[in-house]
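These notes are about the structure you will find just below.
The values are calculated or read from the model by the stated rules, or taken from the named source; none is laboratory data. Source: prediction; values computed, not measured. Quick reminder, even Gly has a Cβ in these numbers, built from the backbone with ideal geometry, and neighbours come from all protein chains shown.
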Amino acid sequence: MTRIETLETVINEVREQSANHFDEIVPVNDMQFDSLTRMWISGRPIEVAPSAQRLLANRLRVPFSYLSRCPDELQARNLNYWIEQERRTRDAFLCRFDANRLRAVFTHRYTAIDHMEVLTKILEAGFDPAEEIQFALDDEILVLKMPEYDKAFHLAGDDKIIPGISIANSEVGILAVSIEAFYYRLVCTNGLISKTAVDARYKHISRRVMDAFPDILQGVVSQAHRGQDRFRISAQSRVNDPESTINSFARQFQISQDEAQIVKQAFYLEQGGTMFHIIQAFTRAAQDGRLTASGAYRLERAGGQILNMVKA
């Protein structure tokens, strides 16, 4: 769930959350499974977090949807067999821990970029620690949304939209470091994350994003100020069958059936026959308390992708 706090509060929460985080190169020979959720690493019992469960399943080429339905004994049999095959071609994994909990498993190509590094870059770029921002934080993702209230524009009447910037990061492989435009609609507190010509999504195999951080920020802020025309055109673009259109976009952006149902419910809170109303259905749905931070982020980005399809 998105909250509004000062940047300093976010920094303190991230620091507290990461107090017991550490990384370790673990020989593949030292890994053995009791189940998908429990394993042994170098002789110590380890809980496997959901993010690490999916990474391990992908790495060992065992479908997670199959493994998660198996009893513990069958999970262990599958995982121990395939980890044995992995030993033939790989010596070690980079493992990310939270105390005795495995957060993620990566190969040597992975370059760790932690939330605190991103927050440090934001401070170095000149953002005030006392400034209020929107953010979502859980075990898998950090999303920061920083509106520029003095750059607001009106869509119609009192319907005001605030441009700004969105910065997202995952320490466990859920998404790449992402710096994108953000739009905040005051009347319903919906947020939308949109690609621009200069934004960036950097996989964790390079530190290039950290070096280019100030320039990317400046470019995205500049582009965000130019989004007014697309909103105006979206409000003029008619949609004949809104529910069918929502279903089509949900498939295109790989939105789950449960999330698509939340989008449809959100649509009926502000019904209309334009592309603007479709966009708002996705962004309003992102506020649903049942969603994870990454699920909400995915819906806000879907709204931004739809906005970018509008013909200017």
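Only a single item in (1) within 19 Å of SER294 (Cα to Cα); (2) modelled with pLDDT of 95 or more; (3) aliphatic (A, V, I, L, M) is not met by ILE46, and it is number (1). Scanning segment 290-312 for residues that are within 16 Å of the chain's Cα centre (by Cα) and either not in a helix (DSSP H, G or I) or not assigned by TED's automatic domain parsing to the domain that holds GLN257 (or both) yields ARG290, LEU291, THR292. Taking segment 225-254 as the range and being within 16 Å of ARG284 (Cβ to Cβ), part of a helix (DSSP H, G or I) and among the hydrophobic types (A, V, I, L, M, F, W, C) as the test, the residues that pass are PHE231, ILE246, PHE249, ALA250.
Screening segment 24-37 for residues that are under 27 Å from the mean Cα position of the chain (by Cα) and within 16 Å of VAL62 (Cβ to Cβ) and picking the one that is surrounded by the most Cβ atoms within 10 Å (Cβ to Cβ) gives LEU36.
Among the residues examined, ARG59 does not qualify as modelled with pLDDT of 95 or more, outside the structural domain of SER178 (by TED's automatic domain parsing), of a type in the set (D, E, K, R) and surrounded by 14 or more Cβ atoms within 10 Å (Cβ to Cβ). Being in contact (Cβ under 8 Å) with a residue 12 or more places away in the chain, loosely packed, with under 14 Cβ neighbours inside 10 Å and aliphatic (A, V, I, L, M) is a property that does not hold for ILE46. Restricting attention to segment 272-312, the residues being at pLDDT below 90, over 25 Å from GLU140 (Cβ atoms) and surrounded by fewer than 22 Cβ atoms within 10 Å (Cβ to Cβ) number 5.
Reported count of residues in segment 82-101, each being surrounded by fewer than 13 Cβ atoms within 10 Å (Cβ to Cβ) and in contact with a strand residue (DSSP E or B) (Cβ under 8 Å, 6 or more places away or on another chain), is 2. Of the strands (runs of 3 or more DSSP E) contained entirely in segment 76-190, those carrying at least 1 residues that are modelled with pLDDT under 85 fall at 153-156, 159-169, 177-185. A Cβ distance below 7 Å, combined with a sequence gap of six or more or placement on separate chains, defines the contacts here; from segment 77-100, residues that are over 29 Å from ASN20 (Cβ atoms) reach no residue that is part of a helix (DSSP H, G or I) and among the acidic types (Asp, Glu). If only residues of segment 1-23 that are part of a strand (DSSP E or B) and not charged (D, E, K, R) are counted, the one that is nearest to ASP139 (Cα to Cα) is HIS21. Out of ALA104, ALA112, ALA99, one residue alone is more than 18 Å from ILE41 (Cα to Cα) and under 25 Å from the mean Cα position of the chain (by Cα). It is ALA112. If you go through segment 102-154 and keep only what is surrounded by 14 or more Cβ atoms within 10 Å (Cβ to Cβ), farther than 21 Å from SER222 by Cα and among the basic types (Lys, Arg), you end up with just ARG103.
Of the numbered criteria (1) crowded, with 20+ Cβ neighbours inside 10 Å; (2) assigned to a helix (DSSP H, G or I); (3) modelled with pLDDT of 85 or more, the one PHE213 fails is (3).
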